[in-house]
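First comes the structure, then the notes that go with it.
The values are calculated or read from the model by the stated rules, or taken from the named source; none is laboratory data. Only a predicted model underlies this, so the values are computations on that prediction, with no experimental measurement involved. In this analysis, Cβ positions are derived from the backbone assuming ideal geometry, glycine residues included, and neighbour counts consider all displayed protein chains. Areas reflect the complete protein model, heavy atoms only, side chains present, ligands, DNA and RNA absent. Shrake-Rupley method; radii C 1.70, N 1.55, O 1.52, S 1.80 Å.
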Amino acid sequence: MKHAIYRVSSFRIEGPYTLRVGFDDATEQVIDFQPVLAGELFGPLRDLAVFNQVRIDPEVNTLVWPNGADFDPATLHDWPAHADALAARAKQWNFSPA
């Protein structure tokens, strides 16, 4: 089975927790990350000062944050297909016992 490999080529902060993400196939997604910012890894990104430190990792060509949080570029590319499931999972992360 063959699947496309995408690389993040650009991003721009569009608003709180929202990024316009460009890909190497000349497509873009505007992604509101707020619904998925929960749990040990993604929860710290609720601090906008941390969220806004996003950058593109030049080795793996995806968005990364200083605390090690990242998303698979294919997930970002196809965000509308994954957003609801990720948001549901994030709700579970908030209620997981420590």
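For HIS77, the stated conditions do not hold, so it cannot be described as at pLDDT below 95 and either touching a strand residue (DSSP E or B) at 6+ places or on another chain (Cβ under 6 Å) or open to solvent by less than 80 Å² (accessible area, probe 1.4 Å) (or both).
Got a sec? Which of VAL64, VAL36 is in contact with a helix residue (DSSP H, G or I) (Cβ under 6 Å, 6 or more places away or on another chain) and within 26 Å of ALA4 (Cβ to Cβ)? Step by step, each of VAL64, VAL36 is checked, and only VAL36 is in contact with a helix residue (DSSP H, G or I) (Cβ under 6 Å, 6 or more places away or on another chain) and within 26 Å of ALA4 (Cβ to Cβ).
Test ALA26 against the stated conditions and say whether it is of a type outside the set (Ser, Thr, Tyr), assigned to a loop (DSSP other than H, G, I, E, B), out of contact with any Phe, Trp or Tyr (no Cβ under 6 Å at 6 or more places or on another chain) and open to solvent by 80 Å² or more (accessible area, probe 1.4 Å). Taking the combined requirement at face value, the residue satisfies it.
Quick test of your reading of the structure: HIS3 fulfils all but one of (1) in a loop (DSSP other than H, G, I, E, B); (2) out of contact with any helix residue (DSSP H, G or I) (no Cβ under 8 Å at 6 or more places or on another chain); (3) at pLDDT below 95. Name the failing condition by number. HIS3 satisfies all of (1) in a loop (DSSP other than H, G, I, E, B); (2) out of contact with any helix residue (DSSP H, G or I) (no Cβ under 8 Å at 6 or more places or on another chain); (3) at pLDDT below 95 except (2).
Taken as a whole, the condition of being assigned to a strand (DSSP E or B), on the phi < 0 side of the Ramachandran plot and open to solvent by 50 Å² or more (accessible area, probe 1.4 Å) applies to GLU14. Filtering ARG46, ARG7, ARG20, ARG89 for residues that are in contact with a Leu (Cβ under 6 Å, 6 or more places away or on another chain) and open to solvent by 60 Å² or more (accessible area, probe 1.4 Å) leaves a single hit, ARG46. Whenever a residue of the stretch 80-98 is modelled with pLDDT of 90 or more, its partners that are surrounded by 10 or more Cβ atoms within 10 Å (Cβ to Cβ), lying with C-beta atoms within less than 6 angstrom and at least six residues away or across chains, give the pairs HIS82/THR75; LEU86/VAL36; ALA87/PRO35; ALA87/VAL36. Filtering GLU40, GLU59 for residues that are in contact (Cβ under 8 Å) with a residue 24 or more places away in the chain, surrounded by fewer than 13 Cβ atoms within 10 Å (Cβ to Cβ), of a type in the set (Asp, Glu) and not in a strand (DSSP E or B) leaves a single hit, GLU40.
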